[in-house]
1. When you check residue 26 against the structure, is it in contact (Cβ under 8 Å) with a residue 40 or more places away in the chain, in contact with a helix residue (DSSP H, G or I) (Cβ under 8 Å, 6 or more places away or on another chain), closer than 19 Å to residue 89 by Cα and in a helix (DSSP H, G or I), yes or no?
2. Within the stretch 75-97, count every residue that is surrounded by fewer than 13 Cβ atoms within 10 Å (Cβ to Cβ), within 16 Å of residue 43 (Cβ to Cβ) and under 17 Å from the mean Cα position of the chain (by Cα).
3. Please indicate, with yes or no, whether at least one residue in the stretch 2-20 is part of a helix (DSSP H, G or I), closer than 30 Å to residue 93 by Cα and in contact (Cβ under 8 Å) with a residue 40 or more places away in the chain.
4. Search the stretch 49-63 for residues being under 14 Å from the mean Cα position of the chain (by Cα) and under 16 Å from residue 75 (Cβ atoms), and hand back the single one that is surrounded by the fewest Cβ atoms within 10 Å (Cβ to Cβ).
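Every read-out reported here was derived from the displayed coordinates using simple, explicitly stated rules and does not represent laboratory data. All values reported here derive from a predicted model rather than from experimental measurement. Neighbour counts are summed over all protein chains in view; Cβ atoms, including those assigned to glycine, are modelled from backbone coordinates with ideal geometry.
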């Protein structure tokens, strides 16, 4: 049987990987924001956000409940949307204001 410290090391490793993946997701969201900006689209897409949540729930094998995963991803999506909007605003500023 593994000790609590061994399990904590495993959790810390997962947490580091999650941070890296969330930052990668944020980079992708910024790239999507650039494309939306060029196309004149809004940062917010309720249809896409609903699709993301549906895809996540289809992938769920537990032990997290669907409701728990939905709450987590709603926060992740909120942050991605915020980053997209801020990047769009920053890109619209004249060079002297950046």
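1. Yes.
2. Looking only at that region, the number is 1.
3. no
4. Residues of the stretch 49-63 that are under 14 Å from the mean Cα position of the chain (by Cα), as a first pass: 49-53, 55-56.
This time we only want the ones that are under 16 Å from residue 75 (Cβ atoms), so: 49-50, 52-53, 56.
Values: 49: 16, 50: 11, 52: 16, 53: 16, 56: 16.
In this case the residue turns out to be 50.
Here is a yes/no grid of residues against (1) in contact with a strand residue (DSSP E or B) (Cβ under 9 Å, 6 or more places away or on another chain); (2) more than 20 Å from residue 23 (Cβ to Cβ); (3) part of a helix (DSSP H, G or I); (4) without any contact (Cβ under 8 Å) to a residue 60 or more places away in the chain:
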site: 34; (1), (2), (3), (4): no, no, yes, yes
site: 38; (1), (2), (3), (4): no, yes, yes, yes
site: 43; (1), (2), (3), (4): no, no, no, yes
site: 52; (1), (2), (3), (4): no, no, yes, yes
site: 58; (1), (2), (3), (4): no, yes, yes, yes
site: 62; (1), (2), (3), (4): no, yes, no, yes
site: 73; (1), (2), (3), (4): no, no, yes, yes
site: 85; (1), (2), (3), (4): no, no, yes, yes
site: 89; (1), (2), (3), (4): no, yes, yes, yes
